[in-house]
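Inspection log for the structure reproduced underneath, given as structure tokens.
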Amino acid sequence: MATLLLLGLLAFVAGAAADLALGIGPRWARPIPYWFSLLGAGAVVATGVLGMGGGTVRISLGTLLRFPGTTVVVDHLAALFLVVVLGVSIPVSLGFASWVGPEGRLRARGLGALYNALLGSIVVVVIAGDAFLFMIAWEGVTLAMYAMASFERHREDRAGAGFLALSLGKIGGAMLLVGLLLVAAHAGTFVFSRWVGVRHSAAIDVAYLLLVLGFAVKLGVVPFHVWMPSAYAAAPGPARAAMAGLAVNVGVYGLWRTLALLGHPPVWIPIVALVLGGITALLGVAHAAVHGDLRGVIAFSSVENGGLLLVSVGVALTGAAVGSPQLVAVGVLVGGLHMIAHALAKSGLFLATASMEAAAGTTELNDLRGVGRSLPWTGVTFAVASITLAGLPPTVGFVSEWFLLEALMQQFRLSSLALKLAMAGAGALVALTAGFAALVFVRLIGLVVLGGAEGSVARGREASMVGRSAALLLALACLAVAALTPLEIRFLAQGLGPVISPGLVLRALGSPWVLQPVFAGFSILSPSWLWIVLPLLALAAGLFAWAASRGRLIRIRRVPAWRSAGGGVAGEARYTAFGYSNPARHVLDAVLRPRRELREEEAADQETHVVYSSDVVEPVEAYLYAPLRATLLGLSRGAKRLQSGRLSAYVGYVLIALVVALAAVSVIR
């Protein structure tokens with residue numbers, strides 16, 4: 001196992017070195033870094049498979065890193081994440097290798113090196129056995145994501161998006177650093193295994209909250225979510241799949257590892273997780289519903305799913321707070337199911353988007369109308385991934401969202417009124433989110449896949465066979481994993497052993513092919529049988545409709561497009577991305593705070609037309625970060641005046657600072 005792990009890490013190093021050495025000149029050299037990442041991912045997945053079947057493996061790195069106690073640990077939880085995250089990275093690496101081939105995709109070397117560095121950092125985060133190594137690897141993930149978002153910094157707003165991702169990533173890292181140091185100070189060691197059963201105190205409770213919030217930053221949770229839409233949109237091509245489908249999962253790993261190490265949290269921590277997760281999910285899906293750019297829609301969908309993942313963690317924390325192992329089991333099981341669903345679907349969706357953008361030269365929804373018709377393989381991947389993220393059967397996304405809603409319904413088993421209200425409120429927000437998620441992805445499928453192809457889109461070309469195969473592999477996984485959910489639950493139960501007893505997780509199997517939310521007799525579902533029942537019901541309904549219509553059902557009748565407006569109104573006689581989402585702007589008025597404008601414009605034909613426009617407000621950015629940014633810039637401008645002052649003034653400043661420091665020391669003593 002140690003040899004395979006070392007081989008995988010060395011492959012990532014070799015891939016980064018190959019990219020920096022060979023550059024992007026020869027076409028044959030461009031995919032080489034990604035073939036190395038593919039080799040490394042395969043070795044790491046094999047390590048994870050062996051780790052799932054065996055015991056815990058510890059490797060000491062103290063002599064190598066000159067830091068006593070530095071260890072690498074592959075237990076069942078680490079092995080689970082190695083298999084899931086690096087397993088999804090295999091088709092992502094194939095998509096990368098296909099995407100970089102054509103001329104003009106890249107202007108500089110380094111993207112392959114960043115991708116390999118990201119994968120290597122993810123692996124080290126997962127296997128780190130102490131806080132020292134963990135923080136080094138965590139910063140590696142943050143820096144790699146920042147560099148990917150800033151890679152095309154010659155284009156407008158790309159550098160700013162990367163800086164925002166780095167700034168909030170450093171805030172999350174600072175929370176983790178303080179939290180880890182607080183726990184290490186009380187435990188007397190940096191080694192994670194010795195933190196189990198640490199005595200709780202006010203400082204440990206504060207550390208618990210800091211760790212939860214620090215890991216939640218990587219998931220894009222309110223109010224730290226503003227980096228995610230801009231960073232994902234700024235990253236080039238399949239790099240978005242690497243960030244959204246792979247890197248964010250380290251946040252889930254950190255939350256589960258925190259629960260495994262610190263155990264029983266104070267009651268207010270699960271309340272914070274449930275409330276923040278529910279608000280994040282609703283805010284993310286609200287903006288996804290009205291966004292006009294495909295990259296922005298998918299990025300805000302990632303915010304939504306980050307909120308859903310935090311809600312699942314909130315359920316597990318609630319179980320730990322009240323001493324209910326079954327509630328912990330259903331919480332972590334839901335999180336595992338949703339993490340896998342999101343990793344598969346979001347990676348596939350971003351790979352499909354990269355192909356569409358390459359074919360059409362844009363990601364504006366109105367300009368991508370019907371791209372799925374001219375790129376059928378990409379369109380199939382896009383449609384399956386969209387249905388998965390919409391939480392519709394028979395995909396794995398439906399299974400995870402059903403489990404999440406069922407888990408939140410267990411609030412009646414709690415005695416604490418505050419926890420009951422938090423779970424009930426989160427349940428209402430998640431249900432509302434699920435409804436709007438269907439609207440979001442119905443709009444995408446209707447416009448992008450089923451619309452009539454036009455212009456440059458109609459002449460677009462598919463990705464290479466390697467690229468198509470990579471995307472289709474992710475799409476098929478979204479369907480196949482749903483059909484084999486009982487096997488997936490057995491796999492998750494084994495990996496979740498360090499957090500909760502596998503036997504409790506396996507209670508979700510009411511029978512070999514029927515699922516229940518751990519609590520027997522509450523509700524059941526069989527995703528496997530849905531694959532048989534749903535096609536039969538669809539066939540029966542189709543045959544009945546055909547017979548009742550006497551065959552007229554399959555006849556094609558073409559008529560002019562109908563429009564409700566009177567004469568003199570210009571525009572397309574069909575839905576646009578704005579028109580389809582406009583009702584959502586009104587329904588979500590309290591969340592989106594849309595700014596509407598009605599004005600008259602004189603067209604080239606000298607006729608006056610009425611133009612209606614509507615823009616939404618991102619409340620956290622508008623009401624929190626914008627005033628904070630203005631304040632900091634004002635302080636910065638004021639501080640600049642001090643740079644050209646007199647020497648006597650500087651001596652006075654130093655004297656004042658010294659007096660303040662002495663006063664502070666005296667108060668502390």
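The values are calculated or read from the model by the stated rules, or taken from the named source; none is laboratory data. In this text the structure is predicted, and so the values were computed from the model without any measurement. As a convention, Cβ positions derive from the backbone with ideal geometry for all residues, glycine included, and neighbour counts pool all protein chains shown. Accessible surface areas use protein heavy atoms only, side chains included; no ligands, DNA or RNA. Shrake-Rupley method; radii C 1.70, N 1.55, O 1.52, S 1.80 Å.
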Accessible surface of the range 32-147 [probe 1.4 Å, protein heavy atoms]: carbon and sulfur percent: 68
Computed E for Ser511/Glu462 - FRET, C-beta separation, R0 41 angstrom, nearest 0.05: 0.45
Computed E for Ser60/Ala21 - FRET, C-beta separation, R0 51 angstrom, nearest 0.05: 0.95
Extension gain (nm, one decimal) between Val665 and Ala428, 0.36 nm per residue minus Cα-Cα: 80.3 nm
Segment Ser648-Leu537, length gained on full extension (0.36 nm per residue, minus Cα span): 31.3 nm
Centroid-to-centroid separation of the range 466-495 and the range 356-434 [C-alpha atoms, Å]: 17
Residues in the range 188-223 reached by a label modelled at Ala626 [backbone nitrogen below 20 Å; 7 Å Cα→Cβ]: 222-223
Sites Arg199 and Ser523 - FRET efficiency at Förster radius 45 Å, r taken between beta-carbons, to 0.05: 0.70
Which label in [x] 55.8; [y] 37.3; [z] 35.2 gives the computed mean projected area of the Cα convex hull in nm²: [y]
Dipole of the chain, positive end: most advanced residue of Val57, Thr353, Leu392 [Cβ charges, Cα centre]: Val57
Accessible surface, per residue, of the range 477-518 when the full set of protein chains is kept, probe 1.4 Å, Å²: 35
